[in-house]
Amino acid sequence: MENIIKIQKAVRKINPNAQFIIRGNSIDGLEWTDGTTPIPVADIEAKMVEVQAEYDAKQYQRVRATAYPSWQEQMDLQYKDLLNGTTTWKDAVAKVKSDNPKE
């Protein structure tokens, strides 16, 4: 995950109403606007670690999203399975899940 996105997400988790600008790609470029009370850098950095951990924990979801057949293909597989009494769609989905487990 890009550093600037981690900063944005961390600030929003601490204060969803915070108004700020990030100049550059660093926490040092954080500028508070519209009367927002500054959040200590240490608090933001700690929250950034949490944000990264949450992102990393969902890697399997990002991989699965690209590995699944398109919705159109899945619907076609389901239709053909109904006609032919096969399990092609279930098998395809199960393979993506087993190749990319949650843990």
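With runs of 4+ DSSP H residues as the only contributors, calculate the mean residue ellipticity of the chain at 222 nm using -39,500 (n - 2.57) per run, divided by the residue total and rounded to the nearest 500. Result for the chain: -19500 deg cm²/dmol, rounded to the nearest 500. Candidates 25, 1, 38 compared by Cα position along the dipole of the chain: farthest toward the positive end lies 1, with charges placed on Cβ. Charged neighbours of residue 21, selected by a Cβ distance under 13 Å, balance to -2 (K, R count +1; D, E count -1). Each residue was assigned an accessible area with a 1.4 Å probe, and for residue 102 the value is about 140 Å².
Among the listed values [x] 15, 54, 30, 1; [y] 14, 30, 17, 17, 15, 7, 1; [z] 14, 46, 33, 7, 0, the one matching P(r) over Cα pairs in 10 Å bins from 0, in percent as calculated from this structure is [y].
Summing Lys and Arg as +1 and Asp and Glu as -1 over all other residues whose Cβ lies under 10 Å from the Cβ of residue 55 gives a net charge of +1.
Within region 1-66, report the GluC sites (Glu not before Pro) that DSSP leaves as loop and that have at most 10 other Cβ atoms within 10 Å. Taking region 1-66 and a limit of 10 other Cβ atoms within 10 Å, the loop GluC sites (Glu not before Pro) found are 2. With the full set of protein chains in place, find how many percent of the accessible area of region 14-65 is carbon and sulfur; take the probe as 1.4 Å. Accessible surface attributable to carbon and sulfur in region 14-65 totals 51 percent. With a cut-off of 14 Å between beta carbons, the residues surrounding residue 42 carry a summed charge of -3, where Lys and Arg count +1 and Asp and Glu -1. Taking every protein chain into account, the accessible area of the chain amounts to 71 square angstrom per residue (probe 1.4 Å). When the Cα positions of 61, 100, 86 are compared along the charge dipole of region 30-103, 86 comes out farthest toward the positive end, with charges on each C-beta of Lys, Arg, Asp and Glu. Cα centroids of region 77-99 and region 12-37: 48 Å apart.
Which whole number in µm²/s is D for region 1-45 by Stokes-Einstein, with the Kirkwood Rh taken over Cα pairs at 37 °C and 0.692 mPa s? It diffuses with D of about 314 µm²/s by this estimate.
Taking all protein chains as they are arranged and a probe of 1.4 Å, the heavy atoms of residue 56 leave approximately 90 Å² accessible to solvent.
The values are calculated or read from the model by the stated rules, or taken from the named source; none is laboratory data. Source: prediction; values computed, not measured. Using ideal geometry, Cβ is built from the backbone for each residue, glycine included, and neighbour counts are taken over all protein chains shown. The area values use the complete protein model at the heavy-atom level, side chains included, leaving out ligands, DNA and RNA. Shrake-Rupley method; radii C 1.70, N 1.55, O 1.52, S 1.80 Å.
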